[in-house]
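Below you'll find the structure, written out as structure tokens, and then a few comments.
The values are calculated or read from the model by the stated rules, or taken from the named source; none is laboratory data. Just so it is clear, the structure is predicted and the values come from calculations on it, not from any experiment. So basically every Cβ, Gly included, is an ideal-geometry build from the backbone, and we count neighbours across all protein chains shown.
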Amino acid sequence: MAIINTYPTATPKAADLLIGTQVKDDTIEENSTKSFTASSVAALALNYKAYVFYFTQSGTSNPVVTAMENNTGLTFTFTRSTSGDYHLVPSASFDLSKTWAQVTGGDVGQNTYLNIKNYQTNLIAILNIESTTGNTVDGVTTGFVELRIYN
């Protein structure tokens, strides 16, 4: 038997393998000791899937999205609806009772902030609001969105 503290410490990568034991299933007669990827163990522990991105927007153009993470299995379309009103639409509806969204950012020069206007199973509408007038305006220097879908 190996002495665990004799092994060097390392930082795992997503594809690294861990040894584990599956709970016995009486219908399967095979070895219950398996290898699992570090990423699959982390995903199980996390208990949610996420779509995280940042975006910019100018003039009447649609927002330009840079995805940081999307392990939801969904694709998203993000468009400008009207001045300062942007629509995030998933490829399939999600359960609102298990979904959480956060948005932040805006345009420092215009003194704007982002806020969620509408939150539905198939649409999240985000407004860019000018803080002194309360009007929606185009022009987002940087906006950040995190959407979590819990198991």
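Looking across segment 95-148 at every residue that is of a type in the set (S, T, N, Q) and surrounded by 14 or more Cβ atoms within 10 Å (Cβ to Cβ), the one that is farthest from ASN70 (Cα to Cα) is identified as GLN110. Restricting THR82, THR99, THR27, THR77 to those that are β-branched (Val, Ile, Thr), under 26 Å from ASN128 (Cα atoms) and over 15 Å from the mean Cα position of the chain (by Cα) reduces the list to THR82. Among the strands (runs of 3 or more DSSP E) confined to segment 28-79, the ones with at least 2 residues that are in contact (Cβ under 8 Å) with a residue 24 or more places away in the chain and over 20 Å from ASN151 (Cα atoms) are located at 48-57. For segment 34-92, taking the residues that are crowded, with 16+ Cβ neighbours inside 10 Å and among the charged types (D, E, K, R), the one that is modelled with the lowest pLDDT is identified as LYS49.
Condition first: among the aliphatic types (A, V, I, L, M) and either in contact (Cβ under 8 Å) with a residue 12 or more places away in the chain or part of a loop (DSSP other than H, G, I, E, B) (or both). Now tell me which residues in segment 1-19 satisfy that. Result: MET1, ALA2, ILE3, ALA10, ALA14, ALA15, LEU17, LEU18, ILE19. You will find that of SER91, SER40, the residue that is closer than 24 Å to LEU17 by Cβ and of a type in the set (S, T, N, Q) is SER40 and no other.
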